[in-house]
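Visitor: Take a look at the following structure, please.
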Amino acid sequence: MSTNSDYHSMWANLGLDLAKHDALLGALGQLYQQTFLAQRDRPAGMAYFDFVMSEVHGLRIKELVDARAAGRKVVGSFCVYVPEELILALDGVSVGLCAGAEFGFDAAEQYLPRTTCALIKSFFGFALEKVCPYLAACDLVVGEATCDGKKKAYETFAGLVGRFHAMDMPQHHSPEGRALLKAEFLKLAGELEEVTGRRLEPARLRAAIATVNARRAALARLARLRAADPAPISGLDALLVNQVAFYDDPVRFTKAVTDMCDELERRVASGEGVAPKGAPRILLSGCPMAVPNWKVPALVEQAGAVIVGEESCVGERGARNLVDATGETVEELIDRLVDRYFQIDCAIYTPNPERLDHVRVMRHDLRADGIIHYALQFCTPYQMEAIGVERQLEAEAVPVLRIETDYGAEDAGQLRTRIEAFIERLRG
Amino acid sequence: MLATGLDIGSRTVKLVAIEGGRVVLEEVAETTHDPLGVCHRLLDGARPDRLVVTGYGRHLVQRHVEAEAVTEIRAAAAGARHLRPAARTVIDIGGQDTKAIALDDQGRVRKFEMNDKCAAGTGRFLEVMATALAYTLDEFAAAACSAPAAARVNSMCTVFAESEVVSLVARRTPRDQLALGIHAAIAERTAAMARRLLGDGEVFFCGGVARNGCVRARLAEELGRPVHTPDNPQTVAALGCALLAGDATP
């Protein structure tokens, strides 16, 4: 991204490889221009998110550096199961780490089999090539044992970063599974207390819960507004907002989303949208899309359809459900956190019927004409669930296109043909 | 009104023009290194009133010529519907794509499958294998049809299969048996894709590879039912485009 002032000395202090980092930012800036700024009829409220993206390795990193100088701790993670309320309650800063670009894969493949999903290869690539300032600014990295790929990769990754905390994950929605998640949250709380040198207090935890709830509520409001036809915001822009949620200061972010939702409400009232009324409406479902993984949504919207929802961790799955902030003790409040986080219907759970139900509900509520199921190659949990999603929903007369891809551009031509043909099918 | 369809494939460009419900022009040219030049040459001869384009070069042409673009899937479905109204499954093997398309009773695309990252078993694969065995394409199919048995070729990757075939020939494996083995493997692979959406109703086979009698026969055998191929399977998608150009809304 093009940064608005010179941060090279800051990046050098963080130990980044400046030449490679410059190359990365140059490519990202160009991609952002083509993918986002070239869109028509964008909401004015997107200016904030464009700015955040233009400063995603700049001003935001400076904020992290300043926060650390003031004694606060930065905690990085890769997954929506990591309860950021605990981090905020200890005055820490929670950030999502870079995992969305095909960068440093050659280096990554010295540690990982080639048949590893692009997301895992990406975070290895960013770490090994020293181009992720978020990772460089972390006091602690939390790695959750979700899929087999991540849990084995973290064994090696832990040695590439500073302090690392491994978090176990249940695989069943059972009482035992819930107990495990609670035990892991308590363990993480202890680790965070040690890293920050602070003690969790109920009042501060309640306040942190309120902060994160407010952000989730704002994202839910944004999601609901996309049910309108014409859609008031493109799927790309809405995805970007959900992506920025992992990097930005939560309070400032919530305000920006809320302001934009006010604007979108006016758009909906006046029938203004980003695509003509009646344009085919797509629900994306499947693996998370981290910045700058915009390949499939860009192809979909360039082909004349509009994406109206993301059944994804970077989207509805990650933001759904608020935490009940009633509780007198830290443990009671952690129980409330577990109540919420245990409902996340990640494909690592078996069986996982809740996810299919959520896809159905989202399709209905957002008035989607069809579903594109997106799975990263070698992401076995989502690739497996994709077949069931396609079978079940096609049997219910819901058109489904199942895509398996990665971060590369090699298959863009074939994907474009398949996506366009799917949109032709929706147009009838 | 001259309604014209243009299919810019990876190996050949096909043009079909319709006037008054009749095909008045049908041309096939090699794509070459300059597909746009080939398209201009074909279009200069046709001078269409309405043009619909398809194929991997559809967006390239659309940037230079006023035309509506549709996917090969919609184009092949429209052509197949016209030529064989009872068709409910369309199999299209072109230069670097294999597609299987399910049609509903109105001839609309109900579901489709298409190769994504790998072009194994497509027209280009057959061309490379024919060359490796020192056959022309026609000789290759004829040799496969009359071979007494099939010799197994394990790789379906164009690059690896070529070296495998060369080493098998060096070990005196009969050429015609290798030819049959390759054809059988393509039919097997294509049938596996088609079975994912095969319903009742007729099977229609088009695209350049449908000109190959051995692939046609093996595919029918694999699917356990007749496979219908038109007189000129290579121009079905271009015909579909011309038909869509003739309609009010392509």
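Visitor: Being crowded, with 16+ Cβ neighbours inside 10 Å and assigned by TED's automatic domain parsing to the domain that holds B:C241 is the requirement here; does B:V61 meet it?
Guide: yes
Rundown of residues vs (1) in contact with a Gly (Cβ under 8 Å, 6 or more places away or on another chain); (2) acidic (D, E); (3) farther than 16 Å from A:V75 by Cα, yes/no style:
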site	(1), (2), (3)
A:V142	yes, no, no
A:K150	yes, no, yes
A:F157	yes, no, no
A:R163	no, no, no
A:M167	yes, no, no
A:Q171	yes, no, yes
A:G177	no, no, yes
A:L180	no, no, yes
A:K187	no, no, no
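Visitor: Another question about this same structure. Restricting the range B:221-247 to residues that are within 12 Å of B:V70 (Cα to Cα) and not aliphatic (A, V, I, L, M), which is surrounded by the most Cβ atoms within 10 Å (Cβ to Cβ)?
Guide: Result: B:C241.
Visitor: When you scan the range A:319-341, do you find a residue that is of a type in the set (D, E), closer than 24 Å to A:A223 by Cα and touching a residue at least 12 places away in the same chain (Cβ under 8 Å), even just one?
Guide: Scanning the range A:319-341, I find at least one residue that is of a type in the set (D, E), closer than 24 Å to A:A223 by Cα and touching a residue at least 12 places away in the same chain (Cβ under 8 Å), so the answer is yes.
Visitor: Return yes when A:K152 is without any contact (Cβ under 8 Å) to a residue 12 or more places away in the chain and surrounded by fewer than 20 Cβ atoms within 10 Å (Cβ to Cβ) and no when it is not.
Guide: On the way: without any contact (Cβ under 8 Å) to a residue 12 or more places away in the chain: yes; surrounded by fewer than 20 Cβ atoms within 10 Å (Cβ to Cβ): yes.
Criteria met by A:K152.
Visitor: When you go through B:V52, B:V28, B:V90, B:V16 one by one, which is the residue that is over 16 Å from the mean Cα position of the chain (by Cα) and among the β-branched types (V, I, T)?
Guide: Numbers: B:V28 fails: over 16 Å from the mean Cα position of the chain (by Cα); B:V90 fails: over 16 Å from the mean Cα position of the chain (by Cα); B:V16 fails: over 16 Å from the mean Cα position of the chain (by Cα).
Being over 16 Å from the mean Cα position of the chain (by Cα) and among the β-branched types (V, I, T) holds for just one of B:V52, B:V28, B:V90, B:V16, which is B:V52.
Visitor: Something else about it: Scan the range B:37-53 and give yes if some residue there is under 20 Å from A:F422 (Cβ atoms) and either in contact (Cβ under 8 Å) with a residue 24 or more places away in the chain or in the same structural domain as B:D105 (by TED's automatic domain parsing) (or both), otherwise no.
Guide: The answer is yes; a qualifying residue exists.
Visitor: For the subset of the range A:241-271 comprising residues that are among the hydroxyl-bearing types (S, T, Y) and either surrounded by 15 or more Cβ atoms within 10 Å (Cβ to Cβ) or touching a strand residue (DSSP E or B) at 6+ places or on another chain (Cβ under 6 Å) (or both), which member is nearest to A:G76 (Cα to Cα)?
Guide: A:Y247
Visitor: Right, next: Residues being facing chain B (nearest Cβ under 9 Å) and hydroxyl-bearing (S, T, Y): count how many of those fall in the range A:398-428.
Guide: 2
Visitor: Could you tell me which residue of the range A:340-352 is nearest to A:E385 (Cα to Cα), considering only residues that are surrounded by 15 or more Cβ atoms within 10 Å (Cβ to Cβ) and not aromatic (F, W, Y)?
Guide: A:A347
Visitor: When you scan the range A:65-74, do you find a residue that is among the β-branched types (V, I, T), under 16 Å from A:W11 (Cβ atoms), modelled with pLDDT of 95 or more and surrounded by fewer than 22 Cβ atoms within 10 Å (Cβ to Cβ), even just one?
Guide: Yes, the conditions are met somewhere in the range A:65-74.
Visitor: So, in the range A:368-388, how many residues would count as being closer than 14 Å to A:A303 by Cα and facing another protein chain (nearest Cβ under 9 Å)?
Guide: 0
Visitor: Still on this model: Considering only residues that are of a type in the set (S, T, N, Q) and not in a helix (DSSP H, G or I), which ones fall in the range B:204-250?
Guide: Result: B:N212, B:T229, B:N232, B:T249.
Visitor: Give the residues of the range B:98-114 that are more than 7 Å from chain A (Cβ to nearest Cβ), assigned to a loop (DSSP other than H, G, I, E, B) and not acidic (D, E), sorted by residue number.
Guide: B:Q106, B:G107, listed by residue number.
Visitor: May I pose another question? Six or more apart or on different chains, Cβ atoms under 6 Å: show the pairs whose first residue is in the range B:124-137 and closer than 17 Å to B:S10 by Cα and whose second is acidic (D, E) and part of a helix (DSSP H, G or I).
Guide: From residues that are closer than 17 Å to B:S10 by Cα, the pairs are B:V128/B:E162.
Visitor: Would you pick out the residues in the range B:41-88 that are touching a helix residue (DSSP H, G or I) at 6+ places or on another chain (Cβ under 6 Å) and among the polar types (S, T, N, Q)?
Guide: Matches in the range B:41-88: B:T54, B:T71.
Visitor: Could you please find all residues in the range B:148-181 being of a type outside the set (A, V, I, L, M) and over 26 Å from the mean Cα position of the chain (by Cα)?
Guide: B:P148, B:S167, B:R171, B:R172, B:T173, B:P174
Visitor: Do you know which of the residues in the range A:274-311 that are polar (S, T, N, Q) and under 16 Å from the mean Cα position of the chain (by Cα) is surrounded by the fewest Cβ atoms within 10 Å (Cβ to Cβ)?
Guide: A:N293
Every residue, every condition in (1) among the aromatic types (F, W, Y); (2) over 16 Å from the mean Cα position of the chain (by Cα); (3) within 30 Å of A:Q110 (Cα to Cα), yes or no:
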| site | (1), (2), (3) |
| --- | --- |
| A:H165 | no, yes, yes |
| A:F185 | yes, yes, no |
| A:E193 | no, yes, no |
| A:L200 | no, yes, no |
| A:A208 | no, yes, no |
| A:A218 | no, no, no |
| A:R224 | no, yes, no |
| A:D229 | no, yes, no |
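Visitor: Going through the range B:64-97 one residue at a time, which ones are within 14 Å of chain A (Cβ to nearest Cβ) and part of a loop (DSSP other than H, G, I, E, B)?
Guide: Passing the criteria: B:V70, B:T71, B:G94, B:G95, B:Q96, B:D97.
Visitor: May I pose another question? Would you mind finding the one in A:R391, A:R355 that is crowded, with 17+ Cβ neighbours inside 10 Å, more than 9 Å from every other protein chain (Cβ to nearest Cβ) and not in a strand (DSSP E or B)?
Guide: The match here is A:R355.
The values are calculated or read from the model by the stated rules, or taken from the named source; none is laboratory data. Being a predicted model, the structure only gives us computed values, none of them experimental. Note that each Cβ is placed from the backbone with ideal geometry, even for glycine, and that neighbours are counted across all protein chains shown.
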